[in-house]
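Here's the structure we're looking at; comments come further down.
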Amino acid sequence: MPLLSTADLMGEAQHTQHAVAAFNVITLEHAEGIALGAERTGMPAILQISENAVKYHGSPYAIAAASAAVARNSSARISLHLDHITDPSLAYLAPELSVSSVMYDGAALPYEENVRRTREVVEWGHQRGIWIEAELGEIGGKDGAHAPGVRTDPDEARQFVQATGVAALAVAVGSSHAMTSKTASLDHDLIRRLNSSLEIPLVLHGSSGVSDDELRLAAQEGMVKINIGTSLNLAFTAAARRYLNDNPLGTDPRKYLRASRDAVSEVAAHTLMTLATARCPIPGGPHAVTRQA
């Protein structure tokens, strides 16, 4: 199937009132497993490549090309996204990478500098049809900027969105990156307040640490894009470890990578079905108009 745009998937999600899952890709097996999970469930998915993954590969070109090829050869509806990009020059490669959306991360910058740089990326994206997500204040677990209890302020979020023109905003509501257990306690009242204050989709980062019930409720309260990364890696590594423990003389990487790919597929399918049972409200209330890059 041809690559879809993230803007189209997000627009579809808002129309049907269902959240979209965005899964982090590190290896080819991640991309294949996510696509298989999406095919099994009939749900759309976003394949996202982080700046850290780009650094691991040394360049965005191979992993982006592989992810695009997986998407185009899948029957699932899939888009490509660049995640947590702090270097604008990497964001600006999106069109040639077949990437339709970018999460520009200026959260570590002083507020005014974050606004200025985010607005520049948004203006660039508007000119090229690239959908831009941003973050206001770092999500917990990234350099400690959001310690437990720190939350996004709805008034500041509204000012940031108006000043930058972003198409979506990642907010701090109690989740953290790199959580290995589903123990995050989300601030559901804040999610509802943010949803009623903003006319753009809300994004939940650090969703691997959120239980199914909490995730479903967050989607019902207004989280439209749900990011999943660590839970894929936990499943990937556990499957490889089990195979190698059971087959200590095994040397064929296809054997344990197949197990890892299957494990990723299971997590992706489970997440997609969890979100399929939750209906989320229109951002900003029933009469809101969502801006797209």
Revision key, fill the gap. Of the residues in segment 35-54, those that are touching a strand residue (DSSP E or B) at 6+ places or on another chain (Cβ under 8 Å) and more than 18 Å from residue 98 (Cα to Cα) come to 37, 38, 43, 52
Check your understanding: Restricting the search to segment 11-41, which residues are of a type in the set (S, T, N, Q), at pLDDT below 95 and not in a loop (DSSP other than H, G, I, E, B)?
Key -> 14, 16
Check your understanding: So which pairs qualify, if the first residue must be in segment 266-284 and under 23 Å from residue 190 (Cα atoms) and at pLDDT below 70, the second must be crowded, with 21+ Cβ neighbours inside 10 Å and acidic (Asp, Glu), the Cβ gap must be under 9 Å, and the two must be at least 6 apart or on different chains?
Key -> 280/221; 281/221
Study note, to complete from the structure: Given (1) modelled with pLDDT of 95 or more; (2) surrounded by fewer than 18 Cβ atoms within 10 Å (Cβ to Cβ), residue 261 misses just (2)
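Inspect segment 128-137 for any residue being assigned to a helix (DSSP H, G or I), at pLDDT 90 or above and out of contact with any Cys (no Cβ under 7 Å at 6 or more places or on another chain) and give the result as yes or no. Step through it out loud before you land on a result.
Narrowing segment 128-137 to residues assigned to a helix (DSSP H, G or I): 128.
Right, trim to at pLDDT 90 or above and you get 128.
Restricting the remaining residues to those that are out of contact with any Cys (no Cβ under 7 Å at 6 or more places or on another chain) gives 128.
Yes - at least one qualifying residue is present in segment 128-137.
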Exercise for review: Taking residue 35 as meeting all but one of (1) in contact with a Ser or Thr (Cβ under 9 Å, 6 or more places away or on another chain); (2) in contact (Cβ under 8 Å) with a residue 60 or more places away in the chain; (3) hydrophobic (A, V, I, L, M, F, W, C), write down the number of the exception.
Suggested key: (2)
Revision key, fill the gap. Flagged pairs (Cβ under 6 angstrom, 6 or more apart or on separate chains; first in segment 145-159, within 10 Å of residue 171 (Cβ to Cβ) and of a type in the set (A, V, I, L, M); second modelled with pLDDT of 75 or more and surrounded by 15 or more Cβ atoms within 10 Å (Cβ to Cβ)) are 157/136
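Give the residue, chosen from 64, 45, 13, that is crowded, with 19+ Cβ neighbours inside 10 Å, closer than 30 Å to residue 191 by Cα, of a type in the set (A, V, I, L, M, F, W, C) and touching a helix residue (DSSP H, G or I) at 6+ places or on another chain (Cβ under 9 Å). Even if it seems obvious, please write down each step before you answer.
On the way: 64 fails: closer than 30 Å to residue 191 by Cα; 13 fails: touching a helix residue (DSSP H, G or I) at 6+ places or on another chain (Cβ under 9 Å).
Result of the check over 64, 45, 13: 45.
In segment 225-265, what residues are of a type outside the set (A, V, I, L, M, F, W, C), under 21 Å from residue 204 (Cβ atoms) and in a helix (DSSP H, G or I)? So that I can check it myself, show each step before the final result.
Filtering segment 225-265 down to residues of a type outside the set (A, V, I, L, M, F, W, C) leaves 225, 227, 229-231, 233, 237, 241-243, 245-248, 250-256, 258, 260-262, 265.
Subset that is under 21 Å from residue 204 (Cβ atoms): 225, 227, 229-231, 233.
Residues satisfying the conditions are 230, 231, 233.
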Exercise for review: Name the residue, out of 118, 86, that is in contact (Cβ under 8 Å) with a residue 40 or more places away in the chain, of a type in the set (Val, Ile, Thr) and touching a helix residue (DSSP H, G or I) at 6+ places or on another chain (Cβ under 7 Å).
Suggested key: 118
**Study point:** Inter-residue pairs, beta-carbon under 7 Å, first more than 13 Å from residue 136 (Cα to Cα) and at pLDDT 90 or above and in segment 187-206, second among the polar types (S, T, N, Q) and not in a helix (DSSP H, G or I), 6+ apart
**Key:** 199/290; 200/290; 201/290
**Study point:** Condition broken by residue 218, with the remaining ones in (1) at pLDDT 90 or above; (2) out of contact with any Phe, Trp or Tyr (no Cβ under 6 Å at 6 or more places or on another chain) satisfied
**Key:** (1)
Check your understanding: What are the residue pairs meeting all of these: first residue in segment 5-17, first residue farther than 12 Å from residue 225 by Cα, second residue of a type in the set (Gly, Ala, Ser), Cβ atoms under 6 Å, and 6 or more apart or on different chains?
Key -> 5/79; 5/100
Exercise for review: Kindly check whether there is at least one residue in segment 162-172 that is at pLDDT 90 or above, assigned to a helix (DSSP H, G or I) and under 18 Å from residue 84 (Cα atoms).
Suggested key: yes
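The values are calculated or read from the model by the stated rules, or taken from the named source; none is laboratory data. A quick note: this is a predicted structure, and the numbers were derived from the prediction, not measured. We place every Cβ from the backbone using ideal geometry, glycine too, and count neighbours over all the protein chains shown.
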